[in-house]
Amino acid sequence: MLNMPDNNLIVETVELVKRYPMGRQELVALKGVSLRFCRGEFSGVIGPSGSGKTTLLNIIGTLDVPSSGSVRVLGETVERLSPAAAARLRSRHIGFVFQTFNLLPVYTAYENVEFPLLLLGMGAQERRRRVMAALEWVGLADRANSRPAQLSGGECQRVAIARAMVKEPALVLADEPTANLDAENSHHILETMQKLNQELGTTFIFSTHDDKVIGYLRRRIRLVDGRVAADETG
Amino acid sequence: MLTLLGLAWRNLRSAALRTGLNSFALSLGFVMIIFGQGLLEGVNRQAERMAVDYDVGGGQFWQENYDPYDYSTLIRAHAPVPAGFQPLIERGEAVPILVVPGTVRSAVGLMPVVLKGIVPGQQVVKIPSAGLDSGNGLLPVVVGLRMAQMLGVSAGDTVQIQLQGPEAQTVEVKGRVAAVMRTPVTTVDEGQLWLPLDRLAELAGLAGQATLLTVRPGYPRNKLPAAPGWIFQSPAVLLSDLRQMIGTKTVGQSVFFVVLFLLALLAIFDTQVFSIFRRRREIGTLVALGMTRGQVVVLFTLEGALYGVLAALLGAVYGLPLFVYLNRHGISFPGGSSWGFALEERMYPVYSSGLVIGTTLLVLIAAAFVAWLPARRIARLKPTDALRGRWG
Ligand SMILES: Nc1ncnc2c1ncn2[C@@H]1O[C@H](COP(=O)(O)OP(=O)(O)OP(=O)(O)O)[C@@H](O)[C@H]1O
Ligand SMILES: [Mg+2]
C-alpha cells in the first residue's frame, strides 16, 4: 500500500495534533498522527473510547482543523481551506455516516437522500435517477416516502448510507455507524457498504470499537490515547 | 436558496400548531397596526375636510402682526384690506375677517373672548353668517355649540359685549345670539363670537380693515393677488398643526398596537432560540452535508421570515374583508370630542395601499430580523460541537 502512486492517495495526515483547552489545562486528543489512505480502501480507526477516533475523522472530514500538523484530502490542504471551500469539498467529495443517523426529520427517505444533490444544484431528472439508484443499493426503494420516524434504526442508517453515497463521493467517513444497531442490522449495513466499496471504488474510513465492524475491515488502525499504536492490513 | 426556502417551509409545516399560533399572533399585530393607522388616517382626513370647510379654506392671508396663539397681538393685528383683494371679495372668492379682543358677560359670568367680524351671507367658509343679517336692532351674534355651552346661552338669548373703541375707550354693546352653529372645528368655536364685519369695524373704529383674508377652498394659488404686509398661510401649513395634534392624541393608541406587535415578534424570537437549541445536531448534519454555516443561518432566518409571510397571508384572510367593510360602512365613534375636536358620529377609516404594503413589508422585515438575531449564533457554533449535540 505504501508504494502506491500518489494519485491514488486520498487522505494524508502529517503529525496531526489536536488540543482542546480544558480550563487551565488542555487535553491533547491527537498526539502526532501520520496516516495515508488510498483510493478504494475499506479501513477503520479502532480504539477505546476517548482515544481520538471521532476527532481524527472530523478533521479528515474538514469539520474541524488540527492544532498543528497537516491534512491533505483529495489534494486540498484542509487547514488552509476557507469555510466555503471546505463546504464545497464536503458537498462534492465526502459522505458522512453518523452513529445517530442524523436524518432530517421533516424529510422523507427520498428527500433526505435527494438533499445533497440539491445542494450540488443537480437537475431534477438526474436527481431522481440517482436517488432511486441509491435507495436500491440499500434496499429501501419501497420506503422512499416514509419519514425517519416511520423507519426502524437499521432502515434509518441505510437511508443515511444512501444519502452519503448518492453523490458517489470519493470518500465516506462513518463514525461508529453500527453503535445504535443490533447485530443483524449491523451486518446488513456493513455488507451494503462493502458492496458499494467494491462496485464504486469508494474509499471508506470507519471509526469503531465494534468487533462486527472490525471483522469486515481490510485495514485496521489502532488508536490509543491519541497515537497510532498499530496499523495492520489483511 | 430555493432549496433552503423549501427546507425552511417544510420545517415550519412539520410544527404546524406552533407555526399557526406564531403566525396568528403576528397577524393580529399586523392587522391591528393597519386598522389603527387606517383609523388615524380617516380621522385626519375628516378633521382636515372640516377644518378646510369652516376655517382654513384655500389658505389665509394673515396681517403680519397676527398670531393666533398670542392673545396680546390681537389689538394690533389689523390693516386695511389690500386693494388687490376687492375683486375677489366681490366675486365671493375671498372673505375678510376682522379679529379683535373683547369680553363677554352672560349669565355665567365675564370671560375674555375673541370677536370675529365676517361678511354676513358669505359663502367662502361654512360659518353660518346669514344669521348675522338679523338682530332686531341688537348686535347679532353667531356662536359655536361649545361656546354657547360655555356661556350658558342658546339662540335668542342676549349677551353683553365689551371691546376697545376708536379712542381706546371701552365700548359696551348688547348682542343677541342669532344662531348656534354645530361645527366639529374648535378653532371657529371655542372662545369666540362671530359678528357682522361692518358693525364690529365700526365699534372698534377699524372700518375697511381686516385681520385675515380667507380664500375659498380650491382657489388657485398662482392667481392670488400680491399683499404686502400680509403673510400667506397655505392650507398645508394651517393643517399641519391639526395633523400634529391628532398624531399626539393617537400615540397612546399606537403604543398598544406596537406592544402587541412586539409580543408577537417575541414569540417568534423564542421559537427560534428554542428551535436552534433543539436542532443543533441537525445544524451539524447540514454543515457535514456541504452547507456553510452562513447558509444555515440563512435557512433559520428564512424560517422566521416565513412566519411573516404566513402572518401577512393570514392577516389578509380576515383583515381584508374587515377593512373593506369598515371603509364602506364606517365605524361609530363615540366620545369624539376627546380628540380635541369633534368628529362626525361615523368614522370612515382610510386604508391606502401604501399603508397596507408598508405594514406588510414591516412585518416581513421584522420577522426576518428577530429570526436572524438568534440564528446569528449558528455562525459561531463549531460543527463538531453541533454534531455532538452541544453548544461550544
Ligand atoms: N470539543 C471538545 N472539547 C473538549 N474535549 C473534547 C472535545 N471533543 C473531544 N474531546 C476529548 O477528546 C478526546 C477524544 O475524543 P473523541 O471523541 O475523538 O474520542 P473517540 O475515540 O471518538 O471516543 P468514543 O469511542 O467514545 O466516541 C476525549 O477525551 C474527549 O473528551
Ligand atoms: Mg467517537
Exercise for the section: Would you mind telling me the share, in percent, of accessible area of the protein assembly as shown contributed by carbon and sulfur at probe 1.4 angstrom? Expected result: 55
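I'm a student and want to see the number: the projected area of the Cα convex hull of the protein assembly as shown, averaged over all directions, in nm².
Details: hull surface 167.1 nm².
Its Cα hull, projected and averaged over all orientations, spans 41.8 nm².
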Problem - Between helix A:83-93 and chain A: long-axis angle, C-alpha atoms, 0 to 90°, nearest 10 - result: 60
Handout entry: GluC sites (Glu not before Pro) restricted to DSSP loop in the stretch B:28-104 with at most 15 other C-beta within 10 Å
Key = B:64
Fill in the blank from the handout: extent check for chain A: Cα max minus min per principal axis, descending, whole Å, gives 49, 43, 38
Problem - Interface size A-B, as summed buried accessible area [1.4 Å probe, Å², nearest 100] - result: 2000
Completion exercise
For the stretch B:75-121 the trypsin sites (Lys or Arg not before Pro) that pass both the DSSP coil test and the at-most-10 other-Cβ-within-10 Å test are B:91
Exercise for the section: Take every DSSP beta bridge with both residues inside chain A and express the antiparallel ones as a percent of the total, to the nearest 5. Expected result: 55
Exercise for the section: Mind checking the stretch B:161-259 for trypsin sites (Lys or Arg not before Pro) that DSSP puts in a loop (not H, G, I, E or B) and that have at most 14 other Cβ atoms within 10 Å? Expected result: B:182
Completion exercise
Among beta bridges assigned by DSSP with both residues in the stretch B:60-233, the antiparallel ones amount in percent, to the nearest 5, to 75
Practice task
Can you run the Rg to Rh ratio on chain B? Use alpha carbon positions and the Kirkwood inverse-distance Rh.
Solution key: 1.23
Exercise for the section: Hydropathy first: keep DSSP H helices in chain B averaging at least 0.5 on Kyte-Doolittle, then drop any whose Cα extent along the axis falls short of 27 Å, and list what survives. Expected result: B:16-51, B:235-278, B:293-329, B:353-375
Exercise for the section: Identify which of A:215, A:153, A:52 has the largest mean-square fluctuation in a Gaussian network model of chain A, with springs joining Cα atoms closer than 10 Å. Expected result: A:215
Practice task
List the extent of the Cα atoms of the stretch B:182-298 along each of their three principal axes, largest first, rounded to whole Å.
Solution key: 94, 33, 21
Practice task
For the stretch A:70-95, state which residues have at least 10 Å² less accessible area in the presence of all protein chains than in their chain by itself, taking the probe as 1.4 Å and leaving out ligands, DNA and RNA.
Solution key: A:83, A:84, A:87, A:90, A:91
Problem - Solvent-free Debye scattering, log10 I(q)/I(0), computed from the Cα coordinates of the stretch B:88-199 at q = 0.11, 0.14, 0.15, 0.21 Å⁻¹ - result: -0.31, -0.51, -0.59, -1.15
Practice task
Per DSSP H run of n ≥ 4, the term is -39500 (n - 2.57); total these for chain A, divide by its residue number, and report the mean residue ellipticity at 222 nm rounded to 500 deg cm²/dmol.
Solution key: -10500 deg cm²/dmol
Problem - Computed lengthening from residue A:31 to residue A:233, 0.36 nm per intervening residue step minus Cα-Cα distance - result: 70.5 nm
Practice task
Grab the DSSP H runs of chain B that are 4 residues or longer, score each as -39,500 (n - 2.57), total them, divide by all residues and round the 222 nm result to the nearest 500 deg cm²/dmol.
Solution key: -16500 deg cm²/dmol
Fill in the blank from the handout: Within the set B:34, B:246, B:75, GNM on chain B using Cα springs under 10 Å gives the largest fluctuation to B:75
Problem - Residue with peak Gaussian network fluctuation, chain A [Cα springs, cutoff 10 Å], from A:44, A:75, A:201 - result: A:75
Fill in the blank from the handout: Per the 1/(1 + (r/R0)^6) rule, R0 = 41 Å and r from the Cβ atoms of residue B:155 and residue B:83, FRET efficiency to 0.05 is 0.60
Practice task
Grab the eigenvalues of the alpha-carbon gyration tensor for the stretch B:1-149, scale each by 5, take roots, and send me the semi-axes largest first in whole angstrom.
Solution key: 57, 21, 15
Completion exercise
Between the alpha carbon centres of the stretch A:4-66 and the stretch B:98-121 the gap in Å comes to 97
Practice task
Report, largest value first, the span of the C-alpha coordinates of the stretch A:61-150 along each principal axis, in whole Å.
Solution key: 47, 29, 22
Exercise for the section: Just the number, please: percent antiparallel of the DSSP beta bridges in the protein assembly as shown, rounded to the nearest 5. Expected result: 65
Handout entry: Per residue accessible area of the stretch A:9-233, 1.4 Å probe, in Å²
Key = 40
Problem - the stretch B:140-181 - convex hull of alpha carbons, volume per residue in Å³ - result: 67
Practice task
Write down the accessible area per residue of the stretch B:60-233 in Å², having rolled a 1.4 Å probe over the full set of protein chains.
Solution key: 45
Completion exercise
Relative to chain A, whose Cα atoms define the longest principal axis, helix A:183-200 and its Cα axis are tilted in degrees, nearest 10, by 90
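The values are calculated or read from the model by the stated rules, or taken from the named source; none is laboratory data. Predicted model, so just to flag it, every value in this text is computed and none were measured. So basically every Cβ, Gly included, is an ideal-geometry build from the backbone, and we count neighbours across all protein chains shown. Note: accessible area is taken over every heavy atom of the protein model, side chains too, but ligands, DNA and RNA are not part of it. Shrake-Rupley method; radii C 1.70, N 1.55, O 1.52, S 1.80 Å.
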